[in-house]
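The values are calculated or read from the model by the stated rules, or taken from the named source; none is laboratory data. The model shown is predicted, which means the values in this text are computed figures rather than measured ones. A quick note on method: Cβ atoms are made from the backbone with ideal geometry, for glycine too, and the neighbour counts reach across all protein chains shown.
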Amino acid sequence: MPIPDYQTAMLPLLRLTGDGQEHKFRDAVERLATEFQLTDEERSELLPSGTAFLFDNRVGWARTYLKQAGLLSAPKRGVFRITPAGQALLAQRPERLDVEKLLQFEEFRAFRARRRVAAEEPSSQSTSVAEQPLAVETQTPEDQLASAYRRLRQELELDLLEQVKASTPAFFEQLVIDLLVAMGYGGSRQDAGRAIGKSGDGGIDGIIKEDKLGLDAIYVQAKRWDGTVGRPEVQKFAGALQGHRANKGVFITTSSYSREALDYVGLINSKIILISGAELVSLMIDHSVGVSTVGVYELKKIDADYFEGE
């Protein structure tokens, strides 16, 4: 099943503590992962920042909101337990628990008001912050950042691909050189620059070193295409590799590949990597080729080890 959002995790987390015992966060995460029947792949999915597991983060925010509502308490570091208010809520046998339902608790309304005061600019309106209606969040702060990041990334990829498609063939070859070198291939940029665009032999545009020592060679085809690249073009490249007794190649295009082309490279002995236009610009962004950084935002959390000896 899809990884549940933090609100979906609230009631199962509260139920888990219904025994009145103290619970460690790590144990709770594992039990909830089993309850939600998450796969190993889903359990290992990270936030875009790569700093935490997505499911762990959402369970953490579920715990935070339940604590702010007075339903959970933290009697000592690293553990939490249900409160009398939490037990009373469970006794009502709710079918779901979310932010809207937490608004019935005065502690949670005060928490939301504090957050709004911290987040909003001062307003000239006469209505106080506490009297203003409180919007119901559907995402954790990290989820909101991840969504914003994905939107910005998608827009950048589309703009970058258009820019690449509008470039000249010579510039496109230079772009490929810069990317391959940034990824650690081709030795130096000077070595790669001499190799790319010099062959033109039977569907091969260049030959580069696989590593700085040149222990193996990679054959490259780099073409700007408008339509879908089909199996015949890829087969021609594979034939050229065989003619050179080579078994590694990279085919880079600004468009996409047909299903037949993708299936074909999985049937042959030669190792050919097909890089589409969408994958090309994604690699360019990952390796800072043709793009520049406009801002860096650091997310920080409490260092539990610092307070170990408190």
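If I filter the stretch 155-170 for residues that are modelled with pLDDT under 85, in contact with a Leu (Cβ under 7 Å, 6 or more places away or on another chain) and assigned to a helix (DSSP H, G or I), do I get at least one hit? Let's see the steps before the verdict.
Within the stretch 155-170, the subset modelled with pLDDT under 85 is 169-170.
Add one more test, that the residue is in contact with a Leu (Cβ under 7 Å, 6 or more places away or on another chain), and what stays is none.
Scanning the stretch 155-170, I find no residue that is modelled with pLDDT under 85, in contact with a Leu (Cβ under 7 Å, 6 or more places away or on another chain) and assigned to a helix (DSSP H, G or I), so the answer is no.
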*helices (runs of 4 or more DSSP H) completely within the stretch 1-109 that count 3 or more residues being at pLDDT below 95 and under 21 Å from the mean Cα position of the chain (by Cα)*: 40-43, 54-68
_I'm checking my understanding of the structure. Among residues of the stretch 137-156 that are closer than 13 Å to ILE285 by Cα and touching a helix residue (DSSP H, G or I) at 6+ places or on another chain (Cβ under 9 Å), which one is surrounded by the fewest Cβ atoms within 10 Å (Cβ to Cβ)?_
ARG153
*Scanning for something over 25 Å from MET183 (Cα atoms), assigned to a helix (DSSP H, G or I) and under 28 Å from the mean Cα position of the chain (by Cα), does the stretch 253-261 turn up at least one residue?*
yes
*Going through the stretch 86-114 one residue at a time, which ones are small (Gly, Ala, Ser) and surrounded by 15 or more Cβ atoms within 10 Å (Cβ to Cβ)?*
GLY86, ALA113
_I need the full set of residues from the stretch 1-38 which are surrounded by fewer than 19 Cβ atoms within 10 Å (Cβ to Cβ), among the hydroxyl-bearing types (Ser, Thr, Tyr) and closer than 23 Å to SER147 by Cα, in order please._
THR8
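Can you give me the number of residues within the stretch 43-52 that are out of contact with any helix residue (DSSP H, G or I) (no Cβ under 7 Å at 6 or more places or on another chain) and surrounded by 12 or more Cβ atoms within 10 Å (Cβ to Cβ)?
We begin by selecting, within the stretch 43-52, every residue out of contact with any helix residue (DSSP H, G or I) (no Cβ under 7 Å at 6 or more places or on another chain); these are 44, 49-52.
Still in the list and also surrounded by 12 or more Cβ atoms within 10 Å (Cβ to Cβ): 49, 51-52.
Count: 3.
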*Scan the stretch 274-300 residue by residue and report those that are loosely packed, with under 13 Cβ neighbours inside 10 Å and not in a helix (DSSP H, G or I).*
SER288, SER292, THR293, VAL294, GLY295, VAL296, TYR297, GLU298, LEU299, LYS300
*Give the stretch 203-245 a look and list any residue that's basic (Lys, Arg), touching a helix residue (DSSP H, G or I) at 6+ places or on another chain (Cβ under 6 Å) and over 18 Å from ASN269 (Cα atoms), or say none.*
ARG224
